[in-house]
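What follows is calculated from the coordinates using simple rules that are stated; it is not laboratory data. As the structure is a prediction and not an experimental result, all values here were calculated from the model. Ideal geometry is used to build each Cβ from the backbone, glycine not excepted, and the neighbour counts take in all protein chains shown.
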Protein chains: 2
Amino acid sequence: MQMDERKRKILRAIVQDYIATAEPVGSRTIARKFDLGVSPATIRNEMADLEELGFIEQPYTSAGRIPSDAGYRYFVDCLMDAQTLSDEDKEIIERESTKKICEIQEVVSHTSRLLSELTSLTSLVLGPQKGKSAFGKMHFLPYRPGQVIMVIVKENGVVENHIVDVGETITAEDLQKVADVFNQKMKGYSLNQVKRSILHEIYSELSRQRHLIDNALEMLDAILDGSEEDEPIYLGGTLNMLNQPEFRDLDKVKSLFKVFEENEPLKKLLLPRQEGLNVTIGGENTLKEFRDCSVISATYKVNGKTIGAVGVLGPTRMDYGKVIAIVDFMTKSLTEVLARGKPRGYK
Amino acid sequence: MQMDERKRKILRAIVQDYIATAEPVGSRTIARKFDLGVSPATIRNEMADLEELGFIEQPYTSAGRIPSDAGYRYFVDCLMDAQTLSDEDKEIIERESTKKICEIQEVVSHTSRLLSELTSLTSLVLGPQKGKSAFGKMHFLPYRPGQVIMVIVKENGVVENHIVDVGETITAEDLQKVADVFNQKMKGYSLNQVKRSILHEIYSELSRQRHLIDNALEMLDAILDGSEEDEPIYLGGTLNMLNQPEFRDLDKVKSLFKVFEENEPLKKLLLPRQEGLNVTIGGENTLKEFRDCSVISATYKVNGKTIGAVGVLGPTRMDYGKVIAIVDFMTKSLTEVLARGKPRGYK
DNA sequence: TGTTAGCACTCTCCTCTGATGAGTGCTAAC
DNA sequence: GTTAGCACTCATCAGAGGAGAGTGCTAACA
């Protein structure tokens, strides 16, 4: 059996109506609401075919039909009109994006809030990956007796400061010397790249400051390596999920929100199989908590390099056209903001 | 009508049983479970009195009784045995508190997690108030052409760094001079203390670096004043609320979680009317979302000075004895950790 | 006078029932 | 190939009735 034009029209009608009403769609409803020029009986026949093809299913005998995951997939890939953003939404995004923003975190949280507000769904934002954060420069500043401030400038421009214990006896010259050696030997390297060779050099050149160096290295370890791994995902509008009829069930809500508290599953959800825009529908998500959900995600770039991703999570019964348009526009706007504003936090 | 010993015993029995079962308590249940030496009929008579006194109420005719807010209040004030922590819990807290922790944020999030895990309720933690964060010291470090790193050490020991735009033409000596003037004039002052007098002096001494100073002041504004106001409250175990039978209702959950997203109401909830341990029961909370909730909160100290608070939020039907013991022990442990570890972030 | 047993009464909760209505699949006619 | 007609299925809802828990009242008892 093949899809023909009428089957396509009927499938589209079913998906659209179900997205709008969250109720199983019957043949009469389609005949009434969508002008296909055929009777309910004919539509019933076609619907039987569509069910056999796996695009729709019946919750129970003699209920209407609802789209299956495959049905949504066919809809997204073949039936959907490319929708454009409403001027209103466009304006909101643009107005927001012209605000002056200096911290990268603010950009991320803004984006997250905006996405969830526009879609009335849950947003996921993965902040700019900082890239392998190599050592850039080290400074020491006086703090308290026996302690100094160690300021580390990473190669990607991020600046961090940490308090380091040093003996009371250390002199400003000693500190300067330590910084000089580090700056000379470690520039451009991440810590695990240098573990063996360079470390030996540093140790031998600065044998007297062994205590300080150990402390400094411990800090560097945390600063340079830790930062990449647990890049948090920003969630926005999680409460919107509670408005969706598919989450009337408290147990479902509980298990969903439990997953929201972890980072790994969300990352998996968001990180695309390929560059650009991705649509993951229902069971295509591996996690069972997301079996009734779809994710529209997209990556964004700076200097042509992909450095992060945004996404929207909602029930499979979501308005794909609208959400895709919003996510698409948003990533472009974001790319632009980042290129223009150069907030701190990435190279 | 007066409370006598038997009424007290019965009220205690009702509260304890209702806390344990979440079901209205009948006279027969009390006679069976608690050995009062009287028949259900007698207990019924007493219960009628207790109802008249306002300590218990009936959800509907011929259901058992449940404690009213006043009943809980009487229970907490007069009937509760001072409970001590189980050795198990004590050990958990102490094990946790011996971990080496260097960032104040970690202490706060640890505390929050621990509280919610031990009580199976929701925890609220207000991190150490940083106190009026006065200016301590300013340093400049080279960054990129036209930009420098401004490192601000506040008087309370917190170190922050920010990138500041300077002209390309500025020299290291100029920067040093700016820093010197700031360090000399502003030490110990918060920004709004100096707005008029000192600012004029700084401007006149450094008229050439007007642009840099404006940028620096803008930063200082954000660093020194902003930090106090919106001190966030850490929430832990919000999902535990979903396990409480009083939150079976999705609408209740929704409005509760909505409040969780705001800071102000939570702060009101947590900040005590007086030093030490506070118990706020049901309607004693002003916000209607918390009418079915109680809060056990307590302040903690460093160097004898109250600098923060922790609390536990649960349904009015919570195990007051246990929770009070946990909160009490926790604040003491926290006070100790902070006194010992001296993590960064407060004076 | 306080306590208790007995009893009628109330109200929730659960289950069963039948009616309703939406929607289907099949068949036969167009 | 399309359509009208019709029997059938199943969820949903309201109402009825029984079970069970618990009460308040009364009268008897110590």
From the Cα trace of the stretch B:198-323, what convex hull volume per residue do you get, rounded to a whole Å³? 161
Give the Rg (one decimal place) followed by the Dmax (whole number) of the stretch B:5-79, computed from C-alpha coordinates and expressed in Å. 10.8, 29
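Could you work out the per residue convex hull volume over the alpha carbons of the protein assembly as shown, in cubic angstrom? All intermediate terms of the calculation are to be shown ahead of the outcome.
Working: hull volume 153.6 nm³, N = 694.
Cα-based convex hull of the protein assembly as shown, divided per residue, equals 221 Å³.
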Partner aspartates and glutamates for A:LYS185 [C-alpha distance under 19 Å; skip if fewer than 8 residues away on the same chain]: A:GLU155, A:GLU173, A:ASP174, A:GLU201, A:GLU205, A:ASP214, A:GLU218, A:ASP221, A:ASP225
So how far, in whole Å, is the C-alpha centre of the stretch A:138-170 from the one of the stretch B:256-304? 39
Just A:LEU277, A:LEU36, A:LEU114 to compare: in a GNM of chain A, with alpha carbon springs under 10 Å, which one fluctuates most? A:LEU36
Distances in nm, one decimal, shortest first, from A:ASP77 to the same residue in every other copy, taking the label point 7 angstrom along Cα→Cβ. 7.0
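Evaluate 2.2 N^0.38 Å with N set to the residue count of chain A, then give the Cα radius of gyration divided by it.
Numbers: Rg = 27.2 Å, N = 347, 2.2 N^0.38 = 20.3 Å.
It is 1.34.
Mean residue ellipticity at 222 nm from the helices of chain B, using -39,500 (n - 2.57) per DSSP H segment of n ≥ 4 over the full residue count, to the nearest 500 deg cm²/dmol?
On the way: 14 runs with 154 residues, N = 347.
Calculated from helices alone, the mean residue ellipticity at 222 nm is -13500 deg cm²/dmol.
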Signed unit charges on C-beta, dipole axis of chain B, positive-most listed residue B:ILE66, B:THR238, B:VAL279: B:VAL279
Mean projection of the alpha-carbon convex hull of the stretch A:135-229 over all orientations, in nm²? 5.5
Could you list which residues have their amide H under 5 Å from that of B:TYR143, counting only those 5 or more apart in sequence or on another chain, with H placed in the peptide plane? B:ILE149
At B:LEU250, label 7 Å along Cα→Cβ: distances to the other copies, nm, ascending? 1.3
Positive-end extreme of charge dipole, the stretch B:5-79 - chosen from B:PHE34, B:GLY54, B:ALA22 (charges on Cβ): B:PHE34
Among A:295-306, B:288-299, how do they line up from the highest to the lowest mean number of other beta-carbon atoms within 10 Å? B:288-299, A:295-306
Once you charge only the Cβ atoms, +1 for Lys and Arg and -1 for Asp and Glu, what is the size of the charge dipole of chain A about its Cα centre, to the nearest 20 debye? 480
Dipole check, the protein assembly as shown, charges on Cβ (K,R +1; D,E -1), about Cα centroid: among B:GLN147, B:CYS78, B:SER333 the Cα furthest to the positive pole belongs to B:GLN147
Placing a label point 7 Å from Cα toward Cβ, how far apart in nm is B:GLU88 from its equivalents in the other copies, listed shortest first to one decimal? 5.6
For the stretch A:291-307, what does the Karplus curve 6.51 cos²θ - 1.76 cosθ + 1.60, with θ = phi - 60°, yield as ³J(HN,Hα) per residue in whole Hz, taken in order and with x for Gly and Pro? 4, 9, 10, 10, 10, 9, 10, 8, 8, 10, 10, 9, 6, x, 10, 5, 10
